[in-house]
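These notes are about the structure you will find just below.
Please treat every number below as a calculation from the coordinates, not as lab data. What you see is a predicted model; the values in this text were computed from it and never measured. Reconstructed Cβ throughout: ideal geometry from the backbone, glycine too, with neighbour counts over all protein chains shown.
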Amino acid sequence: MADSRINDLLITGDQNYATIDHSVGRLVLDSKAHSIAWFKWLIVGVMGSGLLMVSIAWLIFQGTGTWGNNIPAAWGFDIVNFVWWIGIGHAGTLISAILLLLRQQWRNSINRFSEAMTIFAVMCAGLYPLLHTGRPWNDYWLFPYPNILGMWPQFRSPLLWDVFAVSTYFSVSLVFWFVGLVPDFATLRDKATNRYAKLIFALLAMGWRGSAKHWHRYEQMYYILAGISAPLVLSVHSIVSFDFAISIVPGWNVTVFPPYFVAGAVFAGFAMVIIWGIPLRKYYKLEHLITNRHMDWMAKILLATGLIVFYGYFLEVFYSWYSGNSYEFKLLMKTRFDGMYAKFYWALIFCNGLCPQIFWWNKARTSTFWLIFVSIMVSIGMWLERFVIIPMSLTNNYLPSSDKPYYPSFWDLAMFAGTLGFFTMLMILFIRFLPTINIFEVKDLLFKMKGKKEFVEGQEPVEVA
Amino acid sequence: MGSQVFKPNANSIAHMAIIGIAVGPLTIGLALAALSRSPANTKVNIAKNQPVPFSHQHHNWELGIDCRYCHTSVEKSSFAGIPSTETCMSCHSQIWTNSPLLEPVRQSYETNTPIKWNKVNKLPDFVYFNHSIHINRGLQCNICHGSMQDEHITMKGNSFQMAWCLQCHRAPERYLAWNKDLKKEYPGLTPRELVFKYYWKLQKEGKGNLSQSETQIANNTYNGEESPKDVEDGKAIIKELGIKPQQLADCTVCHR
């Protein structure tokens, strides 16, 4: 009953500070808040991580020959998965930095877990290029430092820019996430009854007392970090797209790549936020904090970025004709529209181009089924997009005699499944051990929603209207 | 229990931790950098145990035996050559025939099994190095190997790290004019011949009467020519010998 009336709010139900503390804090402080399903998913995640470790160990033992990569398709599943994961990481920073700077209060209840997702996704992403080098123990060579080789990395190569982009993105996101957690750590420290939990949260809270000075410093720090991260949202995936756009490979040498990649990243990222957000709010009874309004707006972002991406697909088709480059046109006609991989191209058009169009309908944007369905389709579609771009272009290059089809090997699939498991494990552990929703920002939002009426904990709950 | 989990002295620990986080990685990085450049890693000037305590100082400096007497292929091949037992025995079948130090040499000769010398100058398998080209361009042995004529037990004269190789490969003009005095004294000789003529001059004149570069080479302090004049001379030699310095530091020169 209440739902239909206050559906349109960012916080619903009878809420005060204590109820928010409880509904979020209980996931961390009370192990009974988690059902057996949590444990089952943890097992799935741990098994996936095990598979990941086995496939990494086998890869290091055997060399990259265990992958399906060949010449000409020297970039296969590894780079597809790298770009896919790094794209998924983008929603977190967009929500935390850009929406913060734009004073979008609807970020408050979804920023924490999407930031966590960002960090975990970048961890999964980072693995691939590091292992792709074939000698991961020498990966520190990627960084410019005065070494005994007398060599610097190739500064003109977008692959090196990528090293900077991704490592900066990861470290800034991690610091941003941690800084945002500090006031919540303090809340949990004060609420914790378990001695060890209290000690750990006290350590993490770094002496936070909630004084005016602390808040002042916090705001300064948080906004500075947001200012640093905001351009990263655009730069990281632009630079990832340069890995392709700077080269002369047909299907890669397209100027639309940077904006098209960034839109795709936000697209994939929000899909993943929805995929995690819906079960999270359902199983942990957080519908009053992650409301249908959040879902509605995220679906609108999916629709908008989906249209940009779709426009990118149109441009790719247009440019392969307009460029007058016969190899570009051959790639389009013989590899994308037709040929052994054509089904992946058409599946991409269906997943990314057509599926999100359902969100033109108001009802679809708040329907759990359509949200989950479209988000999964978008995740698959974004993976297919990278598959279409990377191996499909490489298998048909300028030299027809070296054309060779690409097939992933068992270990390619195992490692991809492994990173999915690793990501799941980290998310599941995150839900158990860290506040999934930003407690103090939601309280701040509640304060603003209640018309800035002063009220204190323990007071009778006030109906939010 | 209130929010005061820690006592006030935790603040000092926190301060120390912040300093530690800032300084720690830097210290570790610098320590690793220093360690990788130190003799502990490079083995420069660290004598290596050998089955027979062979002295270059004695054979090369005191007796004046030419390098090529033992390292026979240094001018013609990538590998300078380690002398066979027969080479040792060409003298030691006549002199010091009862020396206990030479017992392994005699053993080796009698049983027809080579002596297992411990390699001092090792390069990784992925580096292709050729002695003959370096000798033919007139690079004196000591420039890389240090003052061999002074070594009682053989040791590495330089780190042989890539950065060290590249000093010359990126600026060969600085390393080719060391022999200009020698060239004036022996005008007919090629750079290859001057490499070995250098030891004759060293024997004859002693360290006190050499040019600056020659003295540095004798003492293993040679770091290439500094003066613009010598560098110009080096450039002239590059032209004369047909060296292409622009491709000398390409990856494929050493990593094929």
Crossing angle, helix A:257-283 versus chain A [Cα axis fit, 0-90 degrees, rounded to tens]: 40
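With each run of n ≥ 4 DSSP H residues scored as -39500 (n - 2.57), what mean residue ellipticity at 222 nm is computed for chain A after dividing by its residue count and rounding to the nearest 500 deg cm²/dmol? All intermediate terms of the calculation are to be shown ahead of the outcome.
Numbers: 16 runs with 294 residues, N = 465.
Counting only the DSSP helices, I get -21500 deg cm²/dmol.
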Simple label model, 7 Å out from Cα along Cβ direction - A:HIS214 to B:LEU101, nm: 7.6
Helix axis angle, A:439-449 relative to chain A longest principal axis, alpha carbon, degrees: 70
Cα-only radius of gyration and Dmax that characterise the protein assembly as shown, units Å: 34.7, 114
Label-reachable residues, the range B:99-118, where backbone N falls under 11 Å from a point 7 Å from B:HIS152's Cα toward its Cβ: none
Residue of B:SER12, B:SER90, B:SER36 that the Gaussian network model of chain B assigns the largest fluctuation, springs spanning Cα pairs under 10 Å: B:SER12
Förster radius 25 Å - calculated FRET efficiency between B:ALA163 and B:TRP200, Cβ distance, rounded to 0.05: 0.15
Percent RCO, i.e. relative contact order, over the range B:120-208, from Cα pairs under 8 Å lying at least 6 residues apart: 37
Relative contact order (%) - criterion: Cα under 8 Å, at least six apart; region: the range A:145-212: 23
Rel. contact order, % - alpha carbon contacts under 8 angstrom, at least six apart, chain A: 34
By average C-beta atoms within 10 angstrom, highest first, the peptides A:382-390, B:111-119, B:154-162: A:382-390, B:154-162, B:111-119
Likely footprinting exposure, A:SER109, A:SER402, fewest C-beta neighbours within 10 Å first: A:SER402, A:SER109
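Quick one: order A:MET47, A:MET340 by neighbouring beta-carbon count within 10 Å, fewest to most.
In increasing order of surrounding Cβ atoms, one gets A:MET340, A:MET47.
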Linear extension gain, B:VAL23 paired with B:SER132, 0.36 nm per residue minus alpha-carbon span: 34.4 nm
Reach of A:LYS330 by Cα under 24 Å, taken over lysines that are not fewer than 8 positions away in the same chain: A:LYS343, A:LYS404
Spin-label proximity, A:LEU101 to the range A:205-229 - amide N less than 16 Å from point 7 Å beyond Cα toward beta carbon: A:220-229
The range A:328-374 versus the range B:62-98: alpha-carbon centroid distance in Å: 77
Aspartates and glutamates with Cα under 17 Å of A:LYS213, excluding same-chain neighbours fewer than 8 positions away: A:ASP184
Of the DSSP H helices in chain B, those whose Cα atoms cover at least 24 Å axially and whose Kyte score averages 0.5 or more: B:10-37
Stretch gain in nm, segment A:ASN325-A:LYS32, where the contour uses 0.36 nm per residue and the Cα spacing is subtracted: 99.2 nm
Along each principal axis, Cα extent of chain B, largest first, Å: 93, 53, 41
FRET efficiency, 1/(1 + (r/R0)^6) with R0 45 Å, evaluated for A:VAL46 and A:SER402 via beta carbons: 0.60
Nearby lysines by direct alpha-carbon distance to B:LYS76 (threshold 20 angstrom, same-chain neighbours under 8 apart not counted): B:LYS122, B:LYS197
Principal-axis tilt of helix A:212-245 within chain A, Cα atoms, nearest 10 degrees: 20
Burial ordering of A:ARG135, A:ARG26, A:ARG103, fewest other beta-carbon atoms within 10 Å first: A:ARG103, A:ARG135, A:ARG26
